Amino acid sequence: MTDATGPHATTAAGDQRVTTLELFFDLVFVFTLTQLTEVLVHEGLGRGLAQGSLMLGIIFFMYGGYAWLTNAVVLDTGLRRGGLLAGMAAYLTLALAVPDAFADTGAAFGLAYLVVVGLHLVLYRLSSSVGSRRGILAIAPSNLAGAGLVLAGGLAGGTAQYALWAAAVAVLWLVPLLGAVGSFELSPAHFIERHGLVVIVAIGESVVAIGLGAREAELSLGLVAITTLGLGLNALLWWTYFGGDDARAETALEAMPAGRRGRAALLGYGHCHLALLGGVIAVAAGLTEVVAHPGEALEATPALELAGGAALFLLGDAALRRTLGIGDGRWRALAGVALLVTVPLGLSLSGAAMLVGLVALYALALGVEAQQVPASASRTEARASTRPPLETRRR
C-alpha cells in the first residue's frame, strides 16, 4: 500500500495503489455498515430487511462512486485531499442518521447524501482522463436525481419514504448500465484492491459483532467455543472471497476492452458486492444474537439472518465469478441455498447447534468445490500465479 504524497503516487495505470487516505475513507464507510447491522438487530426481519436494504443500496452506490473517483483522480494536493475528507465528514453524518432514518433523521440522511454526491461530482472533474470526465457528465443527472429522491423521501417520511427511496435505488443502479459507465477508464489493480479492502474491513465488523454478543457473558470454555465458531464462519467468508479470485479478477479486467471493462466493473464490484456486503451485515446481526444466547433456541429473525447472510454472500460471490468470467459460480450458488437447511437447527435446538451445522456445511461445500475445479480454472490460476500477489505488489 502506498500513500499519495505527490506525483509519484502513481506511475502508470497498472501501478496505481490504494492510499492510506482511501483506507481512512473506507473505515468511515464501514461505520455505516455497523449502523445498518444495528437496524437489523433492533427492527426485526420485516422492517429491518426493508430499511436496511434500501439504505445499503443508497449508501453503497456512492461508496462505489468514490472508489471510481480515487481510481481516476490522484490525491496529490491539499485541495483534493481536503475534498475527500469533506466527503468523509458527510458520510459520517449520514451514518449517524442511519438508526432513525425512517423516523426522525431522514432529512439529515438526505442532506448528507446530497453533499456526498455533490462533492463527488466536483472532485471527479479533476480527473486527467477525458473518458472519465465524459462519463461523469453523463452520469451526473441520475446521481443528482437519486440524491433528490433520497432527500424528498427523508422529508416526506412514512410510506412515501419507502417508495421514494426504492425509486432512488432503481435510478442510481440501473441508469448507468444504459451506456454511460462504458466511458470510464479504470486501473484494475487499484480498483480490485480497493473493493477487497472494504470487504475485509466489513468482515472485521462482523468479528466485532461476536464481541458485542459476548460482552455480558462470563469467560468460559463454552464462550470460547461459540466465539471460535463465529470466527470460523467469518474465516469462511474471507476464504470465499480471497482464496485466489482477486488475482484472477485483475487478470480478467485487464484483458477486457475499455468499454466492456466499465460495465463489468459496475456489475461485479457494484451489484454483486451489494449482495456480498448485505450478506456480511446479516451474518453480523445473527452472530450477535447467537453468541449472546448460544444455548437457547433462536427466533426466526436471527436464524434467517445468520443462514441467509452466509447464503447471500455465496450467491454474490458466485455472481461476481460469472460476471468476470473467472470461474463457474453454480457450485457456490447451490451451496448458498443449501445453507438454509441449518435454520431448523436454530429454531428447534439452539443457536450453537445451528452455528456448528452452518460452519460444517459451509466448509464441506468449499472443500468439495476445491476437488471439483475444472482444468480450465486451473489454467486460469496458473496464469494468475505468474503475477506477484497483490500484497507483494502493494509494497
Which of Gln372, Gln51, Gln16 moves the most in a Gaussian network model of the chain with Cα springs under 10 Å?
Gln372
Only one of the listed values, [x] 63, 48, 40; [y] 77, 47, 36; [z] 60, 55, 37, was derived from the coordinates as Cα extents along the principal axes in Å; which label is it?
[z]
Tensor-based shape of segment 78-215 (alpha-carbon gyration tensor, a/c under 1.5 rounded, otherwise prolate or oblate)
oblate
Taking R0 as 25 Å and r as the Cβ-Cβ distance between Phe24 and Arg125, the FRET efficiency 1/(1 + (r/R0)^6), rounded to the nearest 0.05, comes to 0.65
How large is the accessible surface per residue of segment 66-146, computed with a 1.4 Å probe and reported in Å² as a whole number?
38 Å²
HN-Hα J couplings of segment 192-205 from phi, Karplus 6.51/-1.76/1.60, θ = phi - 60°, integer Hz, Gly and Pro as x?
6, 4, 4, 6, x, 5, 5, 5, 5, 5, 5, 4, x, 5
Expressed in angstrom and rounded, the centroid-to-centroid distance over alpha carbons for segment 206-238 and segment 22-43 is 19 Å
Highest-fluctuation residue, Gly259, Gly279, Gly336 considered, GNM on the chain with Cα pairs under 10 Å:
Gly259
Rounded to the nearest 20 debye, dipole of segment 243-342 from Cβ charges on Lys, Arg, Asp, Glu:
620 debye
Determine the relative contact order of segment 293-364: mean sequence separation of Cα pairs under 8 Å and six or more apart, normalised by residue count, in whole percent.
41 percent
Per residue of segment 52-57, what does 6.51 cos²θ - 1.76 cosθ + 1.60 with θ = phi - 60° give for ³J(HN,Hα)? Whole Hz please, x for Gly and Pro, Karplus curve as stated.
x, 5, 5, 5, 5, x
Could you run the Karplus curve 6.51 cos²θ - 1.76 cosθ + 1.60 with θ = phi - 60° over segment 346-362 and give me ³J(HN,Hα) per residue in whole Hz, x for Gly and Pro?
x, 6, 9, 10, 6, x, 4, 4, 5, 5, 4, x, 5, 5, 5, 5, 4
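Which value, in Å², gives the accessible area per residue of segment 221-277 when a 1.4 Å probe is used on the protein heavy atoms?
Numbers: 2140 Å² over 57 residues.
I get 38 Å² per residue for this part.
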What number, rounded to the nearest 500 deg cm²/dmol, is the helix-based mean residue ellipticity at 222 nm of the chain, given -39500 (n - 2.57) per DSSP H run of at least four residues and division by all its residues?
-26000 deg cm²/dmol
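List the relative contact order of the chain as a percent without decimals, with contacts defined as Cα pairs under 8 Å and 6+ residues apart.
Details: 602 pairs, mean separation 64.0, N = 395.
16 percent.
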Could you give the accessible area per residue of segment 154-195, probe 1.4 Å, as a whole number in Å²?
35 Å²
What is the distance in Å between the Cα centroid of segment 322-372 and that of segment 272-300?
15 Å
Mean-square fluctuation maximum in Gaussian network of the chain, Cα pairs under 10 Å, restricted to Gly367, Gly211, Gly65, hits Gly367
At 7 Å along the Cα-to-beta-carbon direction for both Ala363 and Leu178, put a label point, then send me their distance in nm to one decimal.
5.0 nm
Amide H of Val18 versus every other amide H placed in the peptide plane: which residues, excluding those fewer than 5 positions away on the same chain, fall under 5 Å?
Thr2
When the dipole is taken about the Cα centre of the chain, and only Lys, Arg (+1) and Asp, Glu (-1) are charged at their Cβ, what size is it in debye, to the nearest 20?
1480 debye
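First compute the accessible area of the chain with a 1.4 Å probe, then give the percent of it belonging to carbon and sulfur atoms.
Details: 10550 of 15900 Å².
C and S atoms contribute 66 percent here.
The values are calculated or read from the model by the stated rules, or taken from the named source; none is laboratory data. Just so it is clear, the structure is predicted and the values come from calculations on it, not from any experiment. Neighbour counts run over all protein chains shown; Cβ positions are idealised from the backbone, glycine included. These accessible areas exclude ligands, DNA and RNA; they are computed on the full protein's heavy atoms, side chains included. Shrake-Rupley method; radii C 1.70, N 1.55, O 1.52, S 1.80 Å.
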